[in-house]
1. For region 301-342, how many residues meet the condition of being in contact with a Phe, Trp or Tyr (Cβ under 8 Å, 6 or more places away or on another chain) and of a type in the set (S, T, N, Q)?
2. Can you tell me which residue among ALA99, ALA149 is modelled with pLDDT under 95, touching a His at 6+ places or on another chain (Cβ under 8 Å) and surrounded by 17 or more Cβ atoms within 10 Å (Cβ to Cβ)?
3. Restrict the check to region 305-314 and report whether at least one residue is out of contact with any helix residue (DSSP H, G or I) (no Cβ under 7 Å at 6 or more places or on another chain), at pLDDT below 95 and under 26 Å from THR204 (Cβ atoms).
4. For PHE329, all conditions in the list (1) modelled with pLDDT of 95 or more; (2) loosely packed, with under 14 Cβ neighbours inside 10 Å hold save one; what is the number of the exception?
5. Is region 258-265 home to any residue that is at positive phi and touching a residue at least 40 places away in the same chain (Cβ under 8 Å)?
6. Take GLN227 and tell me if it is of a type in the set (S, T, N, Q) and not in a loop (DSSP other than H, G, I, E, B).
7. When you scan region 179-194, do you find a residue that is under 23 Å from the mean Cα position of the chain (by Cα), surrounded by fewer than 20 Cβ atoms within 10 Å (Cβ to Cβ) and modelled with pLDDT of 95 or more, even just one?
8. Which one of these does PHE293 not meet: (1) in a strand (DSSP E or B); (2) touching an Asp or Glu at 6+ places or on another chain (Cβ under 8 Å)?
Amino acid sequence: MVRLSAGWVTCSTSAARGDAGTVRAGVGVDSRRRLGPARRAGAGARPAFVVGGAVDRAGGWDEVVSLAERHHARVFVAPMSGRCAFPEDHRLFAGFLPAMRETIVELLGGHDLIFVIGAPAFTYHVEGHGPHLPAGATLYQLIDDPAIAAWSPAGTAVVGNIRRGVADLLTRPAPKQRPLPAPRTARPRAEPSALMSVAFALQTLAEVREASDIVVEEAPSSRPVMQNYLPFTQSGTFYTMDSGGLGYGMPAAVGVALAKPGTRVIGLIGDGSSMYSLQAIYSAVRMKLPITFVILNNSRYAALQDFAPEFGFGPDDPVQGTDLPGLDFVALAAGMGCRGTRVTQAERLHDVLREALASSGPRLVEVVVA
């Protein structure tokens, strides 16, 4: 046992890599004793689950859904989660936690028990101030990485295989019946406009893509909009970075396509992000991969400009090198042998995306957005 300032972390348990094998650290502990703290996660009157990418890596999607339904728990996605971990059209889905301490505490307010499954508790983009949890709330964490467990600032963490741990909880007696929490407020429908909104572009992509298509995303300034207008409802269909780093998305889309032969992959990339590794298009062409690169072009490094105040920039201070006027992604793709289409009119987007997604090889769709 390792004592933390605000709880205990069980570090002497087994951490499994999927179902293929087990890596043991320290002295083995049987599952009943190992999950003792997590079993108490059913005792709260108003529980909330916070799920992260390790749920999907461990193959624990179905088990987490069943556990949430059993407990009538609201389910949030952890900040900066690199994979989908819960169906975003589910009655219990409550949305996404941002990487901001104060806002996390506000969104989790009213819950007396927080059960974090397969995610850090919590990831912050900036340090922030104040408590890490709402007043009166207790935190339990089930995680497969002892290093993540060790830096959790509060509560009790249990290290072990995510799917097996949640499956163990499902064998326990059913908790007392709780009322269903209020449903998430429905998003307003995005309407077409002369200069397309990101919301309309992603809403259209959601309507055209198959639910089983895989999206690899690196459009950080558009991610909050994506979380409202491009829901993921199946395991293994969303990948992004677990941090604020840039340059990941386009080569990652190539890697995912290689790992999932025959599956349609959509690389959803911002114009600024794409400039870090545009040559991934050439790799997709050479290997004839079924990737559709969707470039959201707003002519700027929006993520860098939006974050500039954190580094002391004033509202009127120029952020040098972050404006990107005049880029022609269709021409850039053509230079690497990839066919592309530029879309500036909202009424064309549906048909262009549908044609691109039906292609057997790589295609690029450049969407000019506000």
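The values are calculated or read from the model by the stated rules, or taken from the named source; none is laboratory data. Being a predicted model, the structure only gives us computed values, none of them experimental. Note that each Cβ is placed from the backbone with ideal geometry, even for glycine, and that neighbours are counted across all protein chains shown.
1. Qualifying residue count for the region: 1.
2. Of ALA99, ALA149, the one residue that is modelled with pLDDT under 95, touching a His at 6+ places or on another chain (Cβ under 8 Å) and surrounded by 17 or more Cβ atoms within 10 Å (Cβ to Cβ) is ALA99.
3. The answer is yes; a qualifying residue exists.
4. Single failed check for PHE329: (2).
5. Residues of region 258-265 at positive phi: 262.
In the following step, the residues that additionally are touching a residue at least 40 places away in the same chain (Cβ under 8 Å) were identified as none.
No; the residues of region 258-265 include none that is at positive phi and touching a residue at least 40 places away in the same chain (Cβ under 8 Å).
6. Yes, satisfied.
7. Yes: one or more hits.
8. All conditions pass for PHE293, except number (2).
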